[in-house]
Amino acid sequence: MRLGQWLGFTGILAAAYILWQLRQVMLLLFAAVVLAVIINHLARQLQQRLRWSRRLSLTVTLLGLTVVGGLLVALLMPPLLVQFQDLLELAPQGFAKLLDWVEERLVDIVQLLPGFSDDRSARLFVDSAIRDLIQSFGDRRNWTSFSQQLGPLARNFLSVFNNTVVAAAQLLLIVVLTLMMLSNPQSYRQTFLRLLPSFYRRRADEILNACEISLSDWFLGILISSSAIALFSWVGLMILGVKLALVNAIIAGFLNLIPNLGPTLSAVFPISVVLLDEPWKAWAVLVLYIIIQQLESYWLTPTIMARQVSLLPALTLIAQIVFASIFGLAGLILALPLAVVAKVFFEQVLIHDVLDRWQHLHYFKHPEWIGPHPESEQAAIAEEETF
């Protein structure tokens, strides 16, 4: 390799290393881009259907989203706060019921042991064991151990507070970046294209258009999936007679944005509420949400993604695992849009622009290479006719 090639290769490695170190910042930028693409798509639909100007369409879209978000907060927060307050008040009663239930199960287990055939002897043994356990725990609770626990408790509180502030700052940054890109998207797009070689800019613009279309299709797919999850949850909770079924269903629909983990998190609140009211319903709600999670993880989301963005179900699950391991929870939330964009780049850049022209390297020396390669296109047509 010549000196120029070595310098180019070293520059690529250095750029890759810098991007890897800044991957969390790049993920925030990607989230802002996704949000800007979705809002821009909605504004464009208004502009095309109602013949409005872009400024008016964008303003109406932002105001509409703000109003919808405010209505949802006004709908969800008051009942959730009331239920949370009731939960705190009923927690001691629920804990007592839970202890009684555990004691009954322990009595049933002890009765199976030799020498505890009758209910009275088994209950006396369990009561004595629980009393000894409580007394032992109480004896160990002294001021020394309590003071030793204050340090870790304070550090944990500061850690939670710090993480909350960081998350709020990141959300604010995403919103600001989104609004800045929506103000003049073409300028940011042209700036990005200027960073690429001149012979590839037109082709890169086509790839960006394909990414925008795929992200819009993904948003429609996730909207359908979340609506279906909310509907399933609402119907199931109504049948079980759970309080605030509609509120819990809306929460389940929103948490569906987090693949696989979302339905599990959405089950915490309804289970905690019914556990204090009618404990048997907690098992019914748990079974309901397990069924919904299985439907969402292995059928609903993979099927919708396969139809909307041609993303295979196995690739959907693999993308969630890979991006969650790289970026954490934020990567899990953005796993599907990341997979959609990665799929477009993989198909358009690696397969179409590199592998399909591997035996025709001279073709890259001319600007006319941008667009379908004649021989690769004929081979693709012949392959389709074969199948």
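Looking at this structure, is Asp132 surrounded by 10 or more Cβ atoms within 10 Å (Cβ to Cβ) and either modelled with pLDDT under 70 or over 28 Å from Ala335 (Cβ atoms) (or both)? Before the answer, list the steps.
Values: surrounded by 10 or more Cβ atoms within 10 Å (Cβ to Cβ): yes; either modelled with pLDDT under 70 or over 28 Å from Ala335 (Cβ atoms) (or both): yes.
Yes; evaluated as a whole, the condition is true for this residue.
crowded, with 19+ Cβ neighbours inside 10 Å, under 14 Å from Leu336 (Cα atoms), touching a residue at least 60 places away in the same chain (Cβ under 8 Å) and not hydroxyl-bearing (Ser, Thr, Tyr), is that true of Leu215?
Details: crowded, with 19+ Cβ neighbours inside 10 Å: yes; under 14 Å from Leu336 (Cα atoms): yes; touching a residue at least 60 places away in the same chain (Cβ under 8 Å): yes; not hydroxyl-bearing (Ser, Thr, Tyr): yes.
Spelling it out, Leu215 is indeed crowded, with 19+ Cβ neighbours inside 10 Å, under 14 Å from Leu336 (Cα atoms), touching a residue at least 60 places away in the same chain (Cβ under 8 Å) and not hydroxyl-bearing (Ser, Thr, Tyr).
Output the number of the condition that Ile174 fails; it satisfies all remaining conditions of (1) part of a helix (DSSP H, G or I); (2) surrounded by fewer than 15 Cβ atoms within 10 Å (Cβ to Cβ).
In the conditions (1) part of a helix (DSSP H, G or I); (2) surrounded by fewer than 15 Cβ atoms within 10 Å (Cβ to Cβ), Ile174 misses (2) alone.
Condition check: of a type outside the set (Gly, Ala, Ser) and without any contact (Cβ under 8 Å) to a residue 40 or more places away in the chain. Does Val25 satisfy that?
Details: of a type outside the set (Gly, Ala, Ser): yes; without any contact (Cβ under 8 Å) to a residue 40 or more places away in the chain: yes.
Criteria met by Val25.
Does Phe346 meet the test of being within 18 Å of Val34 (Cα to Cα), modelled with pLDDT of 75 or more and assigned to a helix (DSSP H, G or I)?
On the way: within 18 Å of Val34 (Cα to Cα): no; modelled with pLDDT of 75 or more: yes; assigned to a helix (DSSP H, G or I): yes.
The answer is no for Phe346.
Being farther than 30 Å from Arg189 by Cβ, among the hydroxyl-bearing types (Ser, Thr, Tyr) and surrounded by 19 or more Cβ atoms within 10 Å (Cβ to Cβ) is the filter here; which residues of the range 218-255 pass it?
The answer is Ser233, and nothing else.
The values are calculated or read from the model by the stated rules, or taken from the named source; none is laboratory data. None of these values were measured; they are calculated from a predicted model. Counting neighbours? That spans all protein chains shown, and the Cβs are built from the backbone with ideal geometry, glycine included.
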